[in-house]
1. Of everything in segment 108-126, what is open to solvent by 10 Å² or more (accessible area, probe 1.4 Å), away from ligand 1 (no atom under 11 Å from the Cβ) and not in a strand (DSSP E or B)? Give them in sequence order.
2. How do the strands (runs of 3 or more DSSP E) wholly within segment 367-424 filter down when requiring 1 or more residues that are without any contact (Cβ under 8 Å) to a residue 12 or more places away in the chain and either among the aromatic types (F, W, Y) or within 16 Å of ligand 2 (Cβ to nearest atom) (or both): which remain?
3. Quick check: is even one residue across segment 456-465 of a type in the set (F, W, Y), modelled with pLDDT of 90 or more and within 36 Å of the chain's Cα centre (by Cα)?
4. So for segment 639-647 (the condition being surrounded by 19 or more Cβ atoms within 10 Å (Cβ to Cβ) and modelled with pLDDT of 85 or more), does at least one residue qualify?
5. Among the residues of segment 8-32 satisfying the criterion of being under 23 Å from R126 (Cα atoms), open to solvent by less than 40 Å² (accessible area, probe 1.4 Å) and without any contact (Cβ under 8 Å) to a residue 60 or more places away in the chain, which is farthest from ligand 2 (Cβ to nearest atom)?
6. Does at least one position in segment 509-527 carry a residue that is hydrophobic (A, V, I, L, M, F, W, C), in contact (Cβ under 8 Å) with a residue 60 or more places away in the chain and not in a loop (DSSP other than H, G, I, E, B)?
7. Only one of A171, A141 is modelled with pLDDT under 90 and open to solvent by 20 Å² or more (accessible area, probe 1.4 Å). Can you tell me which?
Amino acid sequence: MDTRERIQELADRVVALRDAYYQGSPLVADAEYDAVEDELRALIAAHPELAPDPNPLDQVGAPSVLHAPIRHSRPMLSLEKATKPEQVAAFFDRFPGQPVVVMPKLDGLSLALVYEQGRLVRAITRGDGTTGDDVTVLVRALTDGIPDRVGATGRVEVRGEAVMLRSTFTAYNVAHPDKPLINPRGAAAGTLRAKDPATVAERRLVFFAFDLDTEIAAETAADLADALRSLGFTAAEMRHCADPDAALAAITEIEQRRNDLDYDLDGAVLRLSDRDAYAAAGTRSSSPRGALAYKFAAEEKTTVLADVVWDVGKTGKIAPVAHLEPVFVGGTTVTRATLANQEVIRARGIRIGDTVLVRRAGDVIPFVAGVLDESKRTGAEREIVPPSACPSCGQPLTEQGNSRELFCTNVSCPAQTVRRLIHWASRAAADIEAVGPVWIERLAEAGILENPSDIYTLTKERLLEFDRIGEVSATRMVESIDAARGVGLRRALIGLAIPMASEGTATRLCRAGFGSLEEVADAGEERLVAVEDIGPKVAASLIEHLTRLRPEMERLRARGVSLDVREEDLPPVVAADAPLAGKTVVVTGSINDPRSGEKIPRPTFQRLCEKAGATTASSVSASTDLLITGADVGASKLTKAEKHGVEVVDQSVIWQQLIAAGLA
Ligand SMILES: NC(=O)c1ccc[n+]([C@@H]2O[C@H](COP(=O)([O-])OP(=O)(O)OC[C@H]3O[C@@H](n4cnc5c(N)ncnc54)[C@H](O)[C@@H]3O)[C@@H](O)[C@H]2O)c1
Ligand SMILES: [Zn+2]
């Protein structure tokens with residue numbers, strides 16, 4: 001193939017991939033797409049005379065199917081990409097003496113919002129950069145952070161990114177396993193393509209503003225952020241950086257925080273801080289010269305689905321696990337990912353041998369988001385067939401729920417037995433530190449362990465009968481078991497892995513006044529459903545399983561294991577003059593101990609607030625008294641706090657009170 005043909009081929013591929021991508025169903029991962037663009041760019045640079053006409057690299061987005069096309073007041077462009085520190089330094093060199101702002105690059109959908117005489121008249125998508133789609137009705141109905149009115153006269157245009165929060169994305173997929181969303185960005189784009197807002201009401205978006213056009217244009221980025229805020233928007237966070245080192249530090253900091261955020265970022269944007277300098281730098285065919293996008297490693301990659309193995313869980317649930325060709329994604333090498341259940345497999349049309357998109361964002365377990373490019377199939381792909389019998393014990397399976405989850409209901413199923421024992425010994429439950437999964441499996445296979453209570457009968461002599469274990473380890477294991485008899489009601493309830501009963505259920509039962517595991521077993525439905533968040537299904541499951549576990553409770557007690565409520569299971573005793581006494585608080589953002597600067601996990605800080613008398617909640621509502629904000633707070637909590645008239649205080653104020661009261 002000659003160069004001309006190769007260029008045309010690459011150009012065609014770019015156009016085809018963009019079409020699919022902007023329609024919400026990408027055919028390849030971003031890195032693969034970027035490689036096609038890069039090759040095309042390099043060939044055109046070497047042979048300018050062979051540049052295709054039109055050249056897709058001079059175009060933005062996709063000539064999408066527009067329902068209601070509107071011309072932009074000025075083009076909505078793409079951004080030049082960088083992946084190496086040298087490119088950041090080169091950017092500064094191009095504009096000597098000019099400071100730069102560094103902002104997170106939110107991964108959603110860009111919107112232009114037009115206000116006239118203070119009223120929102122139009123919300124427009126980027127489209128092909130020149131012409132976008134009018135999505136005003138959908139935006140009004142579905143997007144938080146876009147005021148209907150702003151305090152300004154004349155024409156004001158605000159630009160920014162509409163994103164779907166990760167929490168919204170996850171909640172949606174839990175509720176709709178049969179029609180899952182593939183990623184938050186695609187979901188945001190799809191949402192604003194809906195015909196009727198009512199059909200996508202559960203898919204709310206949040207808007208972050210990063211640009212503003214008015215007659216009273218702000219001079220620097222700091223003024224810009226202030227101006228956006230005073231109009232009622234959440235401005236993207238902007239850091240002033242005087243040199244490349246400062247900019248690289250800001251980029252690194254954003255990347256490190258990426259996992260803690262409730263929205264996806266795909267990089268950081270650098271932009272000249274001075275508005276006049278930015279304007280004077282001008283634009284290329286498809287990107288401004290005064291800005292640069294620094295891209296992070298992808299959270300999505302493609303790989304081959306090598307096999308699917310059906311795994312038996314501690315409650316008997318049989319879940320499909322994808323075995324993948326190793327792929328580096330979201331900062332680690334992934335070889336296993338979840339496939340949720342057979343309905344998800346069916347809905348996504350996944351087959352063994354397919355090239356699939358693997359997604360891993362934050363602490364989320366990696367999952368297979370979907371198949372890419374069905375046209376690449378060779379015919380050798382195999383259907384994923386759910387088992388008809390338990391892969392461990394061979395008993396027939398039952399199907400439950402709309403997503404047809406498979407269960408093995410044989411309580412003596414060997415795989416379930418091992419999983420339950422491992423769970424009992426885990427940190428969340430009995431916390432038997434020196435008895436790990438490998439030993440539990442060996443001991444269960446040898447027929448020594450069947451129930452949690454058997455763990456407490458292990459002796460050093462018994463352990464020494466096994467290969468590859470010395471005096472020291474055996475002693476350590478027995479001591480660890482001995483030290484872990486004070487399990488208590490909350491952790492015992494967690495450890496017994498009762499279907500549908502979560503850690504929260506266990507906590508609430510303790511706080512509702514139950515004194516022992518036997519008391520819960522005997523309580524009866526009426527008393528159980530009176531506990532907050534316990535419904536008839538959870539109550540029935542507790543009754544059924546605790547009744548079955550009666551003999552096991554007796555054995556545990558006989559072996560000195562405590563199943564009574566413990567002090568640690570209850571909220572701390574609080575003095576009437578405690579600084580947060582009687583207040584319901586919500587903690588948001590990242591929390592740092594002001595004395596050491598060390599990052600404190602949010603649950604730890606919540607516990608401190610509880611010690612100071614507070615009740616903690618996870619979301620802001622009318623019953624919230626205080627919203628305590630750490631660093632980098634998400635917009636939605638603040639918007640809600642404002643809506644409900646909730647007082648917002650910075651973490652530093654609370655730290656002072658905690659320290660003064662001797663609680664921290
Ligand atoms: N997988 C595929 O097949 C495929 C196909 C086409 C494009 N893509 C991907 O899409 C991207 C193409 O670039 P693009 O032009 O859509 O977007 P881009 O990556 O060039 O970035 C421009 C966009 O960034 C957004 N943005 C977020 N935060 C911003 C901030 N603080 N300041 C300024 N802008 C901000 C804006 O919405 C703007 O439109 C690439 O990452 C590419 O890999 C993938
Ligand atoms: Zn089984």
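1. Q117
2. On the way: elements: 367-371, 398-400, 405-407.
Where strands (runs of 3 or more DSSP E) fall fully within segment 367-424 and carry at least 1 residues being without any contact (Cβ under 8 Å) to a residue 12 or more places away in the chain and either among the aromatic types (F, W, Y) or within 16 Å of ligand 2 (Cβ to nearest atom) (or both), they are 398-400.
3. Quick first cut of segment 456-465, residues of a type in the set (F, W, Y) only: 456.
Filter again for modelled with pLDDT of 90 or more, leaving 456.
Narrowing further to those that are within 36 Å of the chain's Cα centre (by Cα): none.
Checking segment 456-465: not a single residue is of a type in the set (F, W, Y), modelled with pLDDT of 90 or more and within 36 Å of the chain's Cα centre (by Cα).
4. yes
5. Per the criteria, the residue is A11.
6. yes
7. Values: A141 fails: modelled with pLDDT under 90.
Residue meeting the stated conditions: A171.
Residues are listed down the side, and each one gets a yes or a no for (1) closer than 19 Å to D211 by Cβ; (2) of a type outside the set (K, R):
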{"residue": "R119", "(1), (2)": "no, no"}
{"residue": "R126", "(1), (2)": "yes, no"}
{"residue": "T131", "(1), (2)": "yes, yes"}
{"residue": "L142", "(1), (2)": "no, yes"}
{"residue": "G145", "(1), (2)": "yes, yes"}
{"residue": "E157", "(1), (2)": "yes, yes"}
{"residue": "N173", "(1), (2)": "no, yes"}
{"residue": "A187", "(1), (2)": "no, yes"}
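The values are calculated or read from the model by the stated rules, or taken from the named source; none is laboratory data. Model, not experiment: these values are computed from the prediction. Don't worry about glycine lacking a Cβ; one is built from the backbone with ideal geometry, like all the others, and counts go over all protein chains shown. For the accessible areas, the whole protein counts, side chains as well, though only heavy atoms, and no ligand, DNA or RNA atoms are used. Shrake-Rupley method; radii C 1.70, N 1.55, O 1.52, S 1.80 Å.
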